[in-house]
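*Asks:* Encoded as structure tokens, here's the structure I'll be asking about.
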């Protein structure tokens, strides 16, 4: 399997290098769908310039990345292009290995269940075979590397690529069962953009499952593990925050990075839901709706955790999707990360109901973004409502996609316990209806 | 959510859509065409009205007195133009300075990618002269432009004369709150392009020009004047700009309002408006006017010197004085008063024109159709593509036993390789790229080996590449991936149909007319093509409905609309010149129609051609 992966990496890097050298690179770097006020490379350069002048990079209202990023690029600014390609490659390889490991476990678990005769007899066709699972990791890497969204993001040098790499490494270390590294990468991801905080829950669920600790609130071992994990997580967060403080010598970055993410002062249009809403709103409702919008990201953790507590990896996927839809400055790079997981759930395809609709809408929206932007900003004939309508449609399609996968996953689990061909009480064939 | 989550209702809906697919598609097509034709019917249109408050209720008086003097200046200009054999720069500078303007000149040069045979130019060198009247009443942050072209021959001398006369008169008024720039541009659009690029510090087409020495504020609106006779019978307004962009409707309203006030006949597309909308001839007159607008907009070229302003978010129009055989004539003083009135109203603007519509079609100058009314016509055509795609998807996802709910799903047929879909896609796009790049690259080679001029070489190469594309792709994909499977063409068609839908949708948003005309011809192709229809007949239909033939028909149709029908021979020559003009528009001004057709629409059409010859 190493050869196709290597080939894939070479192809992906070639595409990126070619695009980087074409005149398109500049155009892409300006697109609001690809870069947000936080991740824009232009702003990182500005921050670096300020840093070189001995001024705090956070003075002024341009730079909003974290101190670690700016110190990383302080050394790597000449190799930025390679750094971003490397980040993409790391993400892809990490996802590849993670999914491979995960598939192995899924298969083992399935084998035990089969041996224990736990599945109903008519569920044969739902059982996953090694043959169909063989290419999944490669497909995951391909979905990430060859996704136009990722390519655009990488060519634009959006720091989103680095965040994705950290999150992918977190997924890898979690699935490998390494508690300490998992906590450290999670803390790095949180440090970068706050929202991955919600990934804490699936990580703990997974690691407990890995170590055969029952998820039971009355058990001491449960609380002991939670305490351990949180200690590692918060400890490394503390270390990293302090490190940032010592690097910069001030706490400037806290309001400028996290305040910026949470209070959404920059209303540059993007593919998210915030900008239009907050641009239109009366000022005195702002705080209230800010809370409502931000809670949206965190709130789904609880019901999803309860429903998916036996399937933490699927929960990670769901959480990533929720984050990328509801975060305050989303870019297509965030979308690309969770889309990369889709091949891992290819066994759910038979239960998906709206994939045609969703893929059509996503495709159309991707084409319409630049068109409506042109009409609004350059031609001046359309206005922001046109663009926001497409944003809204894009997000509805994403939500539909995610909920469809959620439904399909639960449906498959249901069939695995109750049998594939459900019967009503009178013996006629029944259908499942989601209400 | 009921429809999306309830499997029974979904199944009912989808089986309905697949069972009645063909009739629904036919119905949609005719409904779309009928809707479009209905747009010109007056009860379905809206009356134009002034939306901008600053221009609506305020009264202005027009007092421009010196039409005769303007004509005399025009004659003087003509004499100097003849003497110099081009733009009389020194004389213009002197005259403008004498009228109290700040005068600047700008020189520019441009080598065309290939000679323009219509206007007989290849290496263009010229000078623009412009004078700025500084606003006495406001900080000079905004400006208006009045331009007149310096045309070869005896054209537009009166326009320059009137421009100078107006400059003289405006100078003595104290109410100007915006700078007024009087621009005399040489080589029509090329000069205008040079001036605008320099004014806005951009260079999109690689033209050489000297930087502007003086600037006004940001330009709010511009009028371009064309006037070639001492008296006129009517005034024509031209709105269509680059890539089918239109100025804000309020500009047309303003023009119309002043023509009414002063009592000058005004036309759009050279057509007077008529009051007998309920008669057949009245309706056909309105249809003719609207179709002319649609054809002009679809061509994507600027139809007057104003066309390039629109790119910079400046509302602009060209006003043409027409002298025909009508009895009632209007003298230049009245024309001057009309322009004065328009400029005074524009001067009152507090913000850019934005209140009224930007997307509209005009069946007459007093009526318009807005985007909300004309988009359904396109939508009805586009929905056919989606219905076909849905049909294909259902066939593909659930072979014979149709189940939407996954339960009874039988084993899938082996899905076709990515290669069998990717190869035609790549090949047809490469052909498209060849169509885009080859004609200009190989003109020298072609001229060396064939007895043709450069322009002919370019056009004929384009036609040759286009025709060669028909032979190429469907032969190669079979070599690469073996015999095409049943599933293979279905997937390819699904991809092609969705591609076409997205492509046409985006085109229609930017340039409705182009999108609609393309949809009119390409949608039937996309809907009916399968490998199982009779080959020869379908191939003929496909060629007839291909983009190039659409263009050919459009040329004849346009001539017909203008009441200047041409013989087939002349039509063919016109067709060739239209192709070369289209390419020149792209290389000179950045019109997008040629690259759109070559790089996207043509490859998309080739995919359908491919499907026809799948086996």
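*Asks:* Working from Cα positions, state the angle (0 to 90°, nearest 10) between the long axis of helix B:332-347 and the longest principal axis of chain B.
*Replies:* Here the helix axis deviates by roughly 70 degrees.
*Asks:* Let me ask something else about it. Taking 0.36 nm per intervening residue step and subtracting the Cα-Cα distance, what contour gain separates residue A:27 from residue A:289 on full extension? Each step should come with its number before you reach the end.
*Replies:* Numbers: separation 262, 0.36 × 262 = 94.32 nm, distance 3.38 nm.
Full-extension gain reported as 90.9 nm.
*Asks:* Pulled fully out, how much extra length does the chain show between residue B:94 and residue B:566, if you take 0.36 nm times their separation in residues and subtract their Cα-Cα distance? Display every interim value, and only then the final one.
*Replies:* Values: separation 472, 0.36 × 472 = 169.92 nm, distance 4.64 nm.
Full extension of this stretch gives 165.3 nm more.
*Asks:* OK, next. On a full-extension model of 0.36 nm per residue, what is the gain between residue B:262 and residue B:13, subtracting their alpha-carbon distance, rounded to one decimal in nm?
*Replies:* Values: separation 249, 0.36 × 249 = 89.64 nm, distance 5.99 nm.
Working it through step by step, the gained length comes to 83.6 nm.
*Asks:* Taking the highest mean first, how do the peptides A:95-108, B:180-193 order by number of other beta carbon atoms within 10 angstrom per residue? Working shown, then result.
*Replies:* Working: A:95-108: 19.3, B:180-193: 25.1.
Final packing ranking: B:180-193, A:95-108.
*Asks:* Whole Å is fine, so just give me how far the alpha carbon centre of the stretch A:268-282 lies from that of the stretch A:134-165.
*Replies:* Comparing the Cα centres of the stretch A:268-282 and the stretch A:134-165, I get a distance of 27 Å.
*Asks:* Please give the average number of partner chain Cβ atoms lying within 10 Å of the Cβ of each residue in A:349-358, rounded to a whole number. Before the final figure, lay out each step's value.
*Replies:* Values: counts 4, 7, 4, 2, 7, 3, 2, 9, 3, 0.
For this peptide, the per-residue mean of nearby foreign Cβ atoms is 4.
*Asks:* Residue A:306 label point, 7 Å along Cα→Cβ, cut-off 19 Å on backbone N: hits in the stretch A:315-346?
*Replies:* Answer for the stretch A:315-346: A:315-316, A:318-319.
*Asks:* Where in the stretch B:160-174 does the label zone of residue B:323 land, with the point 7 angstrom along Cα→C-beta and an amide N cut-off under 15 Å?
*Replies:* Once the point is set 7 Å along Cα→Cβ of residue B:323, B:160-162 turn out to lie under 15 Å by backbone N, inside the stretch B:160-174.
*Asks:* Treating each Cα of the protein assembly as shown as an identical point scatterer and ignoring solvent, apply the Debye formula and state log10 I(q)/I(0) at q = 0.08 Å⁻¹.
*Replies:* So the normalised log intensities are -0.96.
*Asks:* Further question on the same structure: Report, in whole Å, the centroid distance computed from the Cα atoms of the stretch B:544-586 and the stretch B:332-357.
*Replies:* Result: 36 Å between the Cα centres.
*Asks:* Let me ask you something else. How high is the FRET efficiency between residue A:81 and residue B:441 when r is their beta carbon distance and R₀ equals 35 Å, given to the nearest 0.05?
*Replies:* Working: r = 31 Å, r/R0 = 0.88.
So the FRET efficiency works out to roughly 0.70.
*Asks:* Let me ask something else. Using alpha carbon centroids, what distance separates the stretch A:381-400 and the stretch B:118-184, in Å?
*Replies:* About 43 Å separates the Cα centre of the stretch A:381-400 from the one of the stretch B:118-184.
*Asks:* For chain B, give the share of DSSP beta bridges that are antiparallel, in percent and rounded to the nearest 5; count only bridges with both residues there. Let's see the in-between values first.
*Replies:* On the way: 31 of 55 bridges.
So the antiparallel bridges in chain B amount to around 55 percent.
*Asks:* How crowded by other chains is B:213-219, given as the mean number of beta carbons from other chains within 10 Å of each beta carbon?
*Replies:* Working: counts 0, 0, 0, 0, 0, 0, 0.
Averaged over the peptide's residues, the number is 0.
*Asks:* Another question about this same structure. Of all beta bridges DSSP finds with both residues in the protein assembly as shown, what is the antiparallel percent, to the nearest 5? Write out the running numbers ahead of the final one.
*Replies:* On the way: 32 of 56 bridges.
The antiparallel proportion sits near 55 percent.
*Asks:* Shifting gears a bit: Distance from a point 7 Å along Cα→Cβ of residue A:389 to each backbone N in the stretch B:16-42: keep the residues under 14 Å and list them by number.
*Replies:* Counting only backbone N, you get no residues.
*Asks:* As a test, work out the antiparallel percent of DSSP beta bridges whose residues both lie in the stretch B:214-350, rounded to the nearest 5. Can you show the working numbers first?
*Replies:* Values: 8 of 18 bridges.
Rounded to the nearest five, the antiparallel share is 45 percent.
*Asks:* Using only Cα atoms, tell me the angle between helix A:2-21 and the longest principal axis of chain A; keep it within 0 to 90° and round to the nearest 10.
*Replies:* 30
*Asks:* If you don't mind, another one. With a point put 7 Å past each Cα toward its Cβ, work out how far residue A:258 is from residue B:433 in nm, to one decimal.
*Replies:* For residue A:258 paired with residue B:433, the spin-label model returns 4.9 nm.
*Asks:* From the P(r) of chain A, could you give the percentage of C-alpha pairs in the tail past 42 Å? Mind dumping the intermediate values first?
*Replies:* Values: 14688 of 94395 pairs.
That tail contains 16 percent of the Cα-Cα pairs.
*Asks:* How many percent of all Cα-Cα pairs in chain B sit more than 42 Å apart?
*Replies:* Details: 60869 of 188805 pairs.
Result: 32 percent of Cα pairs exceed 42 Å.
*Asks:* I'd like the FRET efficiency for residue B:418 and residue B:281, computed as 1/(1 + (r/R0)^6) with the beta carbon distance as r and R0 of 41 Å, rounded to 0.05. Walk me through the intermediate numbers first.
*Replies:* On the way: r = 58 Å, r/R0 = 1.41.
That gives a FRET efficiency of 0.10.
*Asks:* Need one number: nm distance between label points at residue B:141 and residue B:30, each 7 Å from Cα along Cα→Cβ, rounded to one decimal.
*Replies:* 5.9
*Asks:* Further, regarding this structure: For the residue pair residue B:468 and residue A:418, what label-to-label distance in nm results when each label sits 7 Å from Cα along the Cα-to-beta-carbon direction?
*Replies:* If labels sit at residue B:468 and residue A:418, their model points lie 6.4 nm apart.
*Asks:* Rounded to the nearest 0.05, what FRET efficiency is calculated for residue B:486 and residue B:119 with R0 set to 51 Å and r the Cβ-Cβ distance? Don't jump to the answer; show the numbers that get you there.
*Replies:* Working: r = 54 Å, r/R0 = 1.06.
It comes to 0.40.
*Asks:* From the C-alpha coordinates alone, can you work out the Kirkwood hydrodynamic radius of the stretch B:209-288, in Å?
*Replies:* Radius from the Kirkwood sum: 15.7 Å.
*Asks:* Now for a different question. Taking chain A as the reference, fit the longest principal axis to its C-alpha atoms, fit the long axis of helix A:355-373 to the helix C-alpha atoms, and give the angle between the two in degrees, 0 to 90, nearest 10.
*Replies:* So the inclination is approximately 10 degrees.
Any read-out appearing in this document is the output of simple, stated calculations on the displayed coordinates, not a laboratory observation. Since the structure is predicted, the reported quantities are computational estimates derived from the model, not experimental observations. Cβ coordinates were reconstructed from backbone atoms using ideal geometry, including for glycine residues, and neighbour counts include every protein chain displayed.
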